[in-house]
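Enquirer: Handing you this structure, nothing more for now.
Coordinate-derived values only; no laboratory data. Because the structure is predicted, anything quoted here is derived from the model rather than measured. Glycine also receives a Cβ, built like all others from the backbone with ideal geometry; neighbour counts cover every protein chain displayed.
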Amino acid sequence: MTDLDTRPAPPSPLRQPRARAAPPPARGEDTRLAQLKAMRRRATALLVFMTGVFLALRLLTGNHGWAGYAQAFAEASMVGGLADWFAVTALFRRPLGLPIPHTAIISERKDQFGATLGEFVQQNFLSADNIGERLRTFQPAERLAAWLTASEKADLLAQHAANAAIALADLVRDEDVHRVLAEEIEAAVESLPITAMAAKVLRLMTAENRHDEILEAMLRALQRFLEANQATLRERFGAESPWWLPGAVEDRIFERLFDGVRDLLRDATTQPDHAVRVQFGEWLDDFIERLEHSPDLQARGEQLKRELLDHAELRSWTSSMWKEVKDSLRAQASDPDSKLRTSLAGAVAAAGQRLATDEALRAKVDELIESAARSFANQFHEETAELISGTIARWDTAQASQKLEVLLGRDLQFIRINGTVVGGLAGLAIHLVSQAL
């Protein structure tokens, strides 16, 4: 607000003021405000000084000789200074509060200025051609490669990626995840032909004689069990024997039974063509055939699937699995040395290194970025202009006008000073011409 006009501008008779948002604070606004006030005082002081000179010369001297030239200069300076004061003031408010037409221009036409500014910025700065040209000179792929290959940048991006994963995990409801997991697991299990799969696995085992290895492992396990539990088995045999059987006879019978079973297991383990092995192979082949073709076994397999899906432990496991995933993700995201963070950082650095060394890849990335930017600019060019015009339209009119005055006012005060000086020189020139004629 100038020194000559300290009253607030009245509301426009054409538009009632509305409650709007204040424009965001500009950087260095306090400094600009101080500079504006200083320049305003200088411009006003110069106008007052020239007014004083004119009055002094008018009252104390005539308008002849040198005094006439001085009066002409001072008078024209006052006119020029007042005219430019009016012009500068009329941009932001009504001079002296008078309802003069075409004043308070910024306040009255703020929304129109916003629309014009939005269209101007969109057409001259944010057009697809301008953005594409700028991106070609900017070389985003090369800059991205340099950024990614820096170790601290890779670690930072890995941290942000991990935090984003946590935020995404926290965004979804646990109940929804539990339901989806349960449905997916149930659908996967339901679609499994369990008996056919079991038959295929067993056929693979028999084709590569893996069933012999399994049988040998079972036989050795039985041998170890017998050796480790011989005393227990003897006690159990004695408890089941008739009371009238002498102890020595019991011992002899048990030893013969025990040795017979142990020898059978040892022979079956060491002899590839042992009858136990042959019988096991035949039984396994028959079992595979029944798995593939027996309706009873297939029905039993389907029943086992339903029992598995209905089991409370499975439902509890699906519920706890998501919590464990989230807890693990949160723990690894907070630890810079975790496998997750180090793997992400390594992947980022590797991508940056490849981008830095592969010129064809950089060219392709630059092309993709430029194409995406052009597509965005073409698709949202109207929204870009509306963003600027809409933002300015939401600003409070008085506050927006004040902020623009703070931003531009210091330079505009030079117009007042120049108008005072140039007006005086013009008046002096006119006086010289009039005297010459």
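Enquirer: In square nanometres, what is the average projected area of the Cα convex hull of segment 136-177?
Expert: Taking the Cα atoms of segment 136-177, their convex hull projects to 4.3 nm² on average.
Enquirer: How large, in Å, is segment 96-180 by the Kirkwood hydrodynamic radius built from its alpha-carbon pairs?
Expert: 18.9
Enquirer: Arrange the following residues from fewest to most other Cβ atoms within 10 Å of their Cβ: THR391, THR384, THR137.
Expert: THR137, THR391, THR384
Enquirer: Here's a follow-up. Place a +1 charge on the Cβ of each Lys and Arg in segment 165-239 and a -1 charge on the Cβ of each Asp and Glu, then give the dipole magnitude about the Cα centre in debye, rounded to the nearest 20.
Expert: 640
Enquirer: What percent of all Cα-Cα pairs in segment 155-220 falls into each 10 Å bin, going from 0 up to the bin containing the maximum distance?
Expert: 17, 20, 19, 18, 22, 5
Enquirer: Also: Expected output is a single nm value to one decimal: the length gained when fully extending between GLU29 and GLU208, i.e. 0.36 nm times separation in residues minus the C-alpha distance. What is it?
Expert: 56.1 nm
Enquirer: Percent of Cα-Cα pairs per 5 Å bin, from 0 to the last occupied bin, for segment 18-152, please list those.
Expert: Spelled out bin by bin, segment 18-152 gives 2, 8, 8, 10, 11, 11, 10, 9, 7, 6, 6, 4, 3, 2, 1, 1, 0 percent.
Enquirer: Could you tell me which of ALA231, ALA221, TRP243 has its Cα farthest along the dipole of segment 193-250 towards the positive end, charges placed at Cβ (Lys, Arg +1; Asp, Glu -1), taken about the Cα centre?
Expert: Farthest towards the positive end: ALA221.
Enquirer: Suppose R0 equals 30 Å. What FRET efficiency, 1/(1 + (r/R0)^6) with r the Cβ-Cβ distance, do LEU59 and ALA436 give to the nearest 0.05?
Expert: Calculated transfer efficiency: 0.65.
Enquirer: Which value in deg cm²/dmol, rounded to the nearest 500, describes the helix-derived mean residue ellipticity at 222 nm for the chain, given -39,500 (n - 2.57) per DSSP H run of n ≥ 4 and division by the residue count?
Expert: -28000 deg cm²/dmol
Enquirer: Using 7 Å Cα-to-Cβ label points, what is the SER328/LEU264 separation (nm, one decimal)?
Expert: It is 4.6 nm.
Enquirer: Go through segment 110-197 and name the trypsin sites (Lys or Arg not before Pro) that are in a DSSP coil and have 11 or fewer other Cβ atoms within 10 Å of their Cβ.
Expert: Counting only loop positions with at most 11 other Cβ atoms within 10 Å, the trypsin sites (Lys or Arg not before Pro) in segment 110-197 are ARG173.
Enquirer: While we're here: Any lysines with Cα under 24 Å of the LYS200 Cα? List them, leaving off those in the same chain fewer than 8 positions away.
Expert: Within the straight-line cut-off, LYS200 pairs with LYS305.
Enquirer: Specify the inter-centroid distance of segment 219-280 and segment 124-171, based on alpha-carbon positions, in whole Å.
Expert: The distance from the Cα centre of segment 219-280 to that of segment 124-171 comes to 73 Å.
Enquirer: Over segment 183-312, what is the relative contact order in whole percent, taking alpha-carbon pairs under 8 Å and six or more residues apart?
Expert: 47
Enquirer: Further question: If exposed chymotrypsin sites (Phe, Trp or Tyr not before Pro) are those in a DSSP loop with at most 14 other Cβ within 10 Å, what is the longest stretch of the chain that has none?
Expert: Free of exposed loop sites, the longest segment is 245-379.
Enquirer: Per-residue HN-Hα couplings for segment 220-229, Karplus 6.51 cos²θ - 1.76 cosθ + 1.60 at θ = phi - 60°, whole Hz, x for Gly and Pro?
Expert: So the Karplus estimates, Gly and Pro as x, are 5, 5, 5, 4, 5, 5, 4, 5, 6, 10 Hz.
Enquirer: Only four residue types carry charge here, +1 at the Cβ of Lys and Arg and -1 at the Cβ of Asp and Glu. Report the dipole size of the chain about the Cα centre in Debye, rounded to the nearest 20.
Expert: The dipole of the chain has a size of about 3880 debye.
Enquirer: Rank LEU98, GLY114, ILE131 by how far each Cα sits towards the positive end of the charge dipole of segment 93-137 (+1 on Lys, Arg Cβ; -1 on Asp, Glu Cβ) and give me just the farthest.
Expert: With unit charges placed on the Cβ atoms, the residue in question is LEU98.
Enquirer: What Rg and what Dmax come out for the chain when only alpha-carbon atoms are used, in angstroms?
Expert: Cα-based Rg and Dmax for the chain come out at 47.4, 164 Å.
Enquirer: Extent of segment 232-371 along each principal axis, from alpha carbon coordinates, in Å, largest to smallest?
Expert: 99, 41, 39
Enquirer: Grab the alpha carbons of segment 116-239, take their convex hull, and tell me the volume per residue in Å³.
Expert: Given the Cα convex hull of segment 116-239, per-residue volume reads 421 Å³.
Enquirer: P(r) of segment 73-126 in 10 Å steps, Cα pairs, percent per bin?
Expert: Cα pair-distance distribution for segment 73-126, in percent: 23, 31, 27, 15, 4.
Enquirer: Another question, if that's okay. Extending each Cα 7 Å along its Cβ direction at ALA187 and GLN112, get the distance between those two points in nm, one decimal.
Expert: 6.0
Enquirer: Once you place label points 7 Å from the Cα toward the Cβ at ASP251 and PHE225, how far apart are they in nm?
Expert: Here the modelled spin labels are 2.7 nm apart.
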